[in-house]
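Written below as structure tokens is the structure these notes are about.
Coordinate-derived values only; no laboratory data. Note that this is a predicted model, so its numbers are computed, not measured. For neighbour counting, all protein chains shown are included, and Cβ atoms are generated from backbone atoms with ideal geometry for every residue, glycine included.
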Amino acid sequence: MTADGGFGMGDLNFVVEFMLVQPGMVEGVLAAHTRSDNGDCAGCGGVQGVKWPCVHYSCARAAASWCDRHADVTPLRG
Ligand SMILES: [Zn+2]
């Protein structure tokens, strides 16, 4: 948790790492958690809605950018 009660990406590193080792998960999350016309996340849904970008999208983006920055490293993918 950060001082303002939100989540910093440092707290989500384990989620990013989890996504990185799940084959196709990053791509799947990015494909599902898109911005809908009302500004909510289409993938999260729910009655109240979740503003996009949601935490899932943010983590997937972080995982994807990690791959971009470490293109020389063999991904731990199936
Ligand atoms: Zn979402």
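Note on residue 67 and residue 21: the model spin-label points, each 7 Å out from Cα along the C-beta direction, lie 1.7 nm apart.
The base-10 log of I(q)/I(0) for the stretch 16-59, evaluated at q = 0.16, 0.20 Å⁻¹, reads -0.40, -0.58 [Debye formula, identical scatterers on Cα atoms, solvent excluded].
With a Förster radius of 30 Å applied to the beta-carbon distance between residue 13 and residue 48, the computed FRET efficiency rounds to 0.60.
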